[in-house]
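Below is one structure, written out as structure tokens; the observations come after it.
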Amino acid sequence: VSDLVAVTLRVGSPVVVDSKLVSYVYNADSGSWNAQQLGSADTLQQPIGIATYDGNLYLLGAKPGQISKYASGQYGQSPIDWITDDTTKAAMQSPVAIAIDGAIYVTLADGKILVMQGGKLTTTITPKASTGTSVPTELYTGTDLQNIYLLRSEDGSITRINKEGKTLAILKAPADAEVTSFSGMAVDEGKSKVYLAQGRKVYEAPMGSAEGVPAQTTTQQSVSQTPQPTVRPTVEP
């Protein structure tokens, strides 16, 4: 296995891509990983990010200004260029992260989020930003989530946006917290919790509620007064 560059979930199973564009799909039934070289890997760049939907695998930035799509069960075959028009390609300036819930969301280095369907740009979201916010590094949403979450690793802020494009809140760890910057993020809206990775630790913290926030208003919220590192996931009955 070469250096691992990206991870996502495919129908509940982890999918990892390494620097040589080999995909590794975890099989929960056998407890093993299935390795497969991605088709046409020698013509692609290392992807900026990956995502899956209905078993299909999407690579962001493996080609400039493009999203490469591998059909479910056909990762060894050449991908198709998912973006189909020049206007959308031109809008893909400095992409940094991808997420899918049926629509494909791509966040850019300037913080804007492109929303695309059928290979074409449908709308652009411009989240509100607080003073001193850094470049976005991760985007998180899914079919089971009502909102979109934008992580800026350097300052540890998470912008919470509804899917109509309204910024609901900016979540941030307190200045006196154990850590104030994070490298990765996952969200459980049902439990109103956010999971944040940094170094060898994963932190769990309550998100609070952004319900009732007036339109065009951004609230600054604390992710947690005392973020707690977790040694292992807690399984509840």
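Only helical runs count toward this figure. For the chain, summing -39,500 (n - 2.57) over DSSP H runs of n ≥ 4 and dividing by all residues gives -500 deg cm²/dmol at 222 nm. Between residue 123 and residue 72, the distance separating the two model label sites (each 7 Å from Cα on the Cα→Cβ line) works out to 2.7 nm. Distances between placed amide hydrogens fall under 5 Å for residue 165 paired with no residue 5 or more residues away or on another chain. Here the relative contact order of the range 25-83, from alpha carbon pairs under 8 Å that lie six or more residues apart, stands at 27 percent. Separation between the residue 5 and residue 163 pseudo-spin-labels, each 7 Å from Cα along Cα→Cβ, expressed in nm? Result: 3.0 nm between the two label points. Our estimate of slack between residue 144 and residue 80, defined as 0.36 nm per intervening residue step minus the Cα-Cα distance, is 20.4 nm. Ranking of 202, 194 by solvent-accessible surface, largest first: 202, 194 (1.4 Å probe, protein heavy atoms only, all chains present). The 3J(HN,Hα) values that the Karplus relation (6.51, -1.76, 1.60; θ = phi - 60°) gives for the range 100-105 are, in residue order, 9, 9, x, 7, 9, 10 Hz. Gly and Pro appear as x. Placing a pseudo-label 7 Å from each Cα along the Cα-to-Cβ vector at residue 103 and residue 26 gives an inter-label distance of 3.0 nm.
About its Cα centre, the range 1-108 has a charge dipole of approximately 80 debye under the convention of +1 per Lys or Arg Cβ and -1 per Asp or Glu Cβ, with nothing else charged. What number, in percent, do you get for the relative contact order of the range 1-142 if the mean sequence gap of Cα pairs under 8 Å and at least 6 apart is divided by its residue count? Rounded, it is 15 percent for the range 1-142. Using a probe of 1.4 Å, the accessible surface attributed to residue 151 totals some 0 Å² when neighbouring protein chains are kept in position. Counting lysine pairs in the chain whose alpha carbons fall under 20 angstrom apart, excluding pairs fewer than 8 residues apart on the same chain, gives 23. The 3J(HN,Hα) values that the Karplus relation (6.51, -1.76, 1.60; θ = phi - 60°) gives for the range 58-69 are, in residue order, 10, 10, 8, x, 5, 10, x, x, 9, 10, 9, 10 Hz. Gly and Pro appear as x.
Here the chain is treated with +1 on each Lys and Arg Cβ and -1 on each Asp and Glu Cβ, and its dipole about the Cα centre works out to around 180 debye. Phi-derived couplings, Karplus 6.51 cos²θ - 1.76 cosθ + 1.60 at θ = phi - 60°, listed residue by residue for the range 89-97: 4, 5, 6, 7, 9, 6, x, 10, 7 Hz, with x used for Gly and Pro.
Please label the shape of the range 93-137 as rounded, prolate or oblate, based on the square roots a ≥ b ≥ c of the eigenvalues of the alpha-carbon gyration tensor (a/c under 1.5 means rounded; beyond that, a/b larger than b/c means prolate, else oblate). Since a/c reaches 1.5 and a/b is larger than b/c, the shape of the range 93-137 is classed as prolate. Summary value for the chain: 9 percent relative contact order, contacts being C-alpha pairs under 8 angstrom separated by 6+ residues.
Given R0 = 25 Å, the distance between the Cβ atoms of residue 87 and residue 134 translates into a calculated FRET efficiency of 0.30. Per-peptide packing, taken as the mean over residues of other Cβ atoms within 10 Å, places 176-187, 15-26 in the sequence 15-26, 176-187 from highest down. Full extension of the segment from residue 94 to residue 42, taken as 0.36 nm per residue of separation minus the current Cα-Cα distance, would add 16.5 nm.
Taking a ≥ b ≥ c as the square roots of the eigenvalues of the Cα gyration tensor, the chain is classed as oblate, since a/c reaches at least 1.5 and a/b does not exceed b/c.
The values are calculated or read from the model by the stated rules, or taken from the named source; none is laboratory data. Remember, predicted model here, so these are calculated numbers, not experimental data. Cβ: placed from backbone, ideal geometry, glycine included. Neighbour counts: every protein chain shown. Accessible surface is based on the protein model in full, side chains and every heavy atom, while ligands, DNA and RNA are left aside. Shrake-Rupley method; radii C 1.70, N 1.55, O 1.52, S 1.80 Å.
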